[in-house]
Amino acid sequence: MNLLAKNLASQLTPTEDDLAMFGIGQGTPGAVTSMSRAMITTMKAFSLGLTSMLLMRGFNNDPHGMFAGGNGQAAGVAGSMQKMLDGLYKLGKGLQDPSCAAKTLSDALVLSVSGDTFKQPFDRNNWGDGTPGGANLMYVMGAGHVKTGWFGSLDGANAVKAFDIATGNNTGTAYNTVRGQLSAAAGAAALFAVAKGDMRRVNDFYNGPAIDALVNLNVTG
């Protein structure tokens with residue numbers, strides 16, 4: 001009823017100060033500007049208790065050859081993304097978590113990045129779509145609930161090796177033989193962070209091997 005009875009446009013619309021916080025200005029890639037605006041509006045919606053999740057399409061361009069002329073173009077895009085993510089957490093620090101008066105949204109923010117291909121990391125000239133072993137990656141910032149580090153391995157010989165879900169250690173096993181299990185475990189770890197460490201909620205959707213090695217089971221504070 002609160003949502004239906006009020007026009008919340010003024011409370012959700014990004015301000016010039018918000019955009020400056022995210023580093024938006026002349027030369028910022030269009031995709032970063034669009035993502036920043038979406039993040040700002042969503043964080044404000046989070047603080048009002050209107051929603052608890054944002055699914056956002058990232059870059060929808062054709063980046064082949066980005067590194068062919070050196071690192072300048074890629075460095076510029078990466079710098080804009082850094083400012084965007086810094087702004088996301090700065091904005092969140094000024095907004096109360098509606099589910100916990102003692103915390104800000106930055107304390108509870110979970111961010112995951114995934115896609116259908118991360119390009120060929122060992123071919124600077126073309127940066128082709130095919131990834132080593134057909135592998136994919138998931139990056140997660142889990143508000144302290146997910147262990148830091150890299151699980152599995154990827155080397156310059158285009159060899160992708162799996163990790164042991166039970167221990168988190170690299171196994172030397174070819175990734176493509178266990179990709180389904182690893183994908184499910186990675187998703188479960190991200191869900192554990194979203195559920196704020198409630199493994200019971202994870203088990204409502206996941207029935208694979210225990211993911212204790214991928215997450216921090218006893219986060220307090």
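Data table
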| read-out | value |
| --- | --- |
| Along each principal axis, Cα extent of segment 145-192, largest first, Å | 33, 21, 16 |
| Share of Cα-Cα pairs in segment 1-106 lying beyond 19 Å, as whole percent | 50 |
| Length released on extending from LYS103 to ASP129, taking residue separation times 0.36 nm less the Cα-Cα span | 5.2 nm |
| For peptides 182-193, 138-149, 9-20, sequence by mean Cβ density within 10 Å, most packed first | 182-193, 138-149, 9-20 |
| Diffusion constant of the chain at 10 °C, which comes from Stokes-Einstein with the Kirkwood Cα-pair radius and 1.306 mPa s, µm²/s | 81 |
| Cα centre as origin, Lys/Arg/Asp/Glu Cβ charges: the chain dipole, Debye | 280 |
| Taking N as its residue count, the alpha carbon Rg of segment 115-170 over 2.2 N^0.38 Å | 1.28 |
| Loop-resident sites, segment 5-45, for trypsin sites (Lys or Arg not before Pro), counting at most 15 other Cβ within 10 Å (DSSP) | LYS6 |
| Among ARG201, ARG57, ARG124: highest mean-square fluctuation, GNM of the chain, C-alpha pairs under 10 Å | ARG57 |
| Between segment 153-176 and segment 54-93, the Cα center-to-center distance that results, in Å | 27 |
| Long-range Cα-Cα pairs in segment 43-84 (distance over 13 Å), rounded percent | 69 |
| Relative contact order [Cα under 8 Å, 6+ residues apart], the chain, whole percent | 14 |
| Efficiency of FRET from Cβ geometry, GLU16 and ARG200, R₀ 41 Å, rounded to 0.05 | 0.40 |
| Estimated distance in nm for a label pair at ALA166 and THR51, the labels positioned 7 Å out from Cα along Cα-to-Cβ | 4.2 |
| Two-site label geometry, ARG179 and ALA78: point separation in nm, points 7 Å out along Cα→Cβ | 2.6 |
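Quick note: the coordinates plus some simple rules give every number you see, no bench work behind them. These numbers come from a predicted model, not from an experiment. Counting neighbours? That spans all protein chains shown, and the Cβs are built from the backbone with ideal geometry, glycine included.
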